[in-house]
Amino acid sequence: MELMQLQMLVAVAEERTLQKAAARVYRTPQAISTAISKLTAEIGTPLLDRAPGRDFKLTPAGEALVDYARRLLSLRDEALAAMEEIRNARSGLLRIGANQSVGEYLLPEITDAFQTKYPGIKLKLMIGYSDAVVSALKQHELDIALVASQPRDEDLRSQLLMRDRLIAVMGPRHPLALRDQIHIQELGGESLITLTARSELRKRVAAVFNRFRVPLNVQVETGTLESIKNMVARGMGVGIVPRMCIKREEARGELVAKTIAEFGEERSLWLVCRRTTALAPACQAFIKVIQSELTRRRQGPDKANAQ
């Protein structure tokens, strides 16, 4: 039983003649007759009845099958329409993973811009450590990942999104807050507040401290960047976080950011996809929005508004 056979049967049932049914489905009357004969043989009982000189009409079996046929054809049309919506990025589901700094301080802005442009696409977000996000991507639990380190995996492809920098953050009354720049040796005597040892950021910080043989005096380790900022604001110590995380608090004078001379290298942020999977239209649309939003951020509000 094929959908085309069912479509022909419905056409005959509604048009009553082979000629009209053939014109409706763009086939010849002979093709219609052959298809109905094959369908009748497969079902094992007559589907159409026709008295001499009269139009076709359905048998009881034909009426039952046409009812199912209409529903099947309607589902087919619905499926094709849904695929068209997905192909044109008008609907669908996009699963995005991001590390903490991107997920908490960049992704909200990007997803807001994306949903404004593509309101029919639902988003599912996962925010966690970079290694967990990349693992979920490889397990096909995510469609796209935004992480702070480039995965060294042949099954994945990466695209550089932007660069950020790790900085020291402290309260405005902290003695180091008056300095233009601080050195890593000065942080060796400070109580540091950092992310847990599993995080990419903590590993990067520890590597620099080890390279300069400065003790990493972690007084508090926590799971979120927000909690680091809150504890720093209470005077509990000095935090080391990505620059993008404290722009709001810095503008309000609640926290002070200082560059660390020995942390000269920039921190790269990457967009990662599976190499063996073609990018869905929703993914392609999301990447375009990311690129547009990051360009706007680099230009600043004045230049972006002027365009």
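The values are calculated or read from the model by the stated rules, or taken from the named source; none is laboratory data. Since the structure is predicted, the reported quantities are computational estimates derived from the model, not experimental observations. Note: ideal-geometry Cβ built from the backbone for every residue, glycine included; neighbour counts use all protein chains shown. Heads up: the accessible areas ignore ligands, DNA and RNA and are worked out on the full protein's heavy atoms, side chains in. Shrake-Rupley method; radii C 1.70, N 1.55, O 1.52, S 1.80 Å.
Pairs of alpha carbons in segment 229-283 separated by more than 19 Å make up 51% of all such pairs. Cα extents for segment 148-200 along the principal axes, largest to smallest and rounded to whole angstrom: 48, 23, 18. Taken along the Cα-to-beta-carbon direction at a fixed 7 Å, the label points for Y26 and Q159 span 3.6 nm. Among H183, H174, the order of accessible area from largest down is H183, H174, computed with a 1.4 Å probe on protein heavy atoms.
With one equal scatterer per alpha carbon and no solvent term, the Debye-computed log10 I(q)/I(0) for segment 85-229 at 0.10, 0.13, 0.17 1/Å reads -0.46, -0.71, -1.04. 3J(HN,Hα) couplings calculated from phi for segment 137-145 with the Karplus curve 6.51 cos²θ - 1.76 cosθ + 1.60 (θ = phi - 60°) are, in sequence order, 4, 5, 7, 6, 8, 10, 9, 7, 10 Hz; Gly and Pro show x. Full extension of the chain between R70 and T295 yields a length gain of 75.9 nm, computed as 0.36 nm times the residue separation minus the alpha carbon distance.
The smallest convex shape that holds all Cα atoms of segment 1-149, its convex hull, gives 155 Å³ per residue.
Relative contact order of the chain, taken over Cα pairs closer than 8 Å and 6 or more residues apart, is 20 percent. 3J(HN,Hα) along segment 248-258, derived from phi through the Karplus expression 6.51 cos²θ - 1.76 cosθ + 1.60 where θ = phi - 60°, amounts to 5, 5, 5, 5, 8, x, 7, 9, 10, 9, 10 Hz, with x in place of Gly and Pro. A probe of 1.4 angstrom, applied to the heavy atoms of all protein chains, finds T59 with accessible area near 20 square angstrom. Let me have the relative contact order for segment 165-307, percent, based on Cα pairs under 8 Å that are six or more residues apart. With pairs under 8 Å counted, the relative contact order is 35 percent. Normalised by the empirical 2.2 N^0.38 Å for globular proteins, what value does the Cα Rg of the chain take? Ratio of Rg to 2.2 N^0.38 Å for the chain: 1.62. Each of E221 and S268 was given a label point 7 Å from its Cα along the Cα-to-Cβ line. The distance between the two points is 2.7 nm. Annotation: amide H-H contacts under 5 Å for Y129 (H modelled 1.01 Å from N, sequence separation of 5 or more, or interchain): none.
Highest mobility in the GNM of the chain, judged by mean-square fluctuation with C-alpha springs under 10 Å and restricted to I246, I32, I182, is found for I32.
Any idea what the relative contact order of segment 108-192 is, in percent, if you count C-alpha pairs under 8 Å spaced at least 6 apart? Don't skip to the answer; put the middle values down first.
Details: 23 pairs, mean separation 10.5, N = 85.
For segment 108-192, the relative contact order is 12 percent.
Taking every alpha-carbon pair in segment 190-286 and binning the separations at 5 Å intervals from zero gives 2, 10, 20, 20, 16, 10, 8, 7, 5, 2 percent. Computed from phi, the 3J(HN,Hα) profile of segment 34-47 under the Karplus parametrisation 6.51, -1.76, 1.60 (θ = phi - 60°) reads 5, 5, 5, 5, 5, 5, 4, 5, 5, 6, x, 8, x, 10 Hz, with x in place of Gly and Pro. Surface analysis of the chain yields an accessible area of 54 Å² per residue, using protein heavy atoms and a 1.4 Å probe. Distant-in-sequence amide contacts of T222, defined by a placed amide H-H separation under 5 Å and a gap of 5 or more residues or a different chain, comprise T194, L195, T196. Rolled with a 1.4 Å probe across the full set of protein chains, the surface gives K122 an accessible area near 140 Å². Other residues whose C-beta falls under 13 angstrom from the C-beta of V289 contribute a net charge of +1, scoring Lys and Arg +1 and Asp and Glu -1. Using DSSP to call loops (not H, G, I, E or B), can you name the GluC sites (Glu not before Pro) in segment 243-301 whose Cβ has at most 16 other Cβ atoms within 10 angstrom? Passing both the DSSP loop test and the Cβ count: E254, E262, E265, E266.
Placing pseudo-labels 7 Å out from each Cα toward the beta carbon at Q139 and D180 gives an inter-label distance of 5.0 nm.
On a full-extension model of 0.36 nm per residue, what is the gain between T196 and T277, subtracting their alpha-carbon distance, rounded to one decimal in nm? Numbers along the way, then the final one.
On the way: separation 81, 0.36 × 81 = 29.16 nm, distance 3.28 nm.
25.9 nm is the gain from fully extending T196 to T277.
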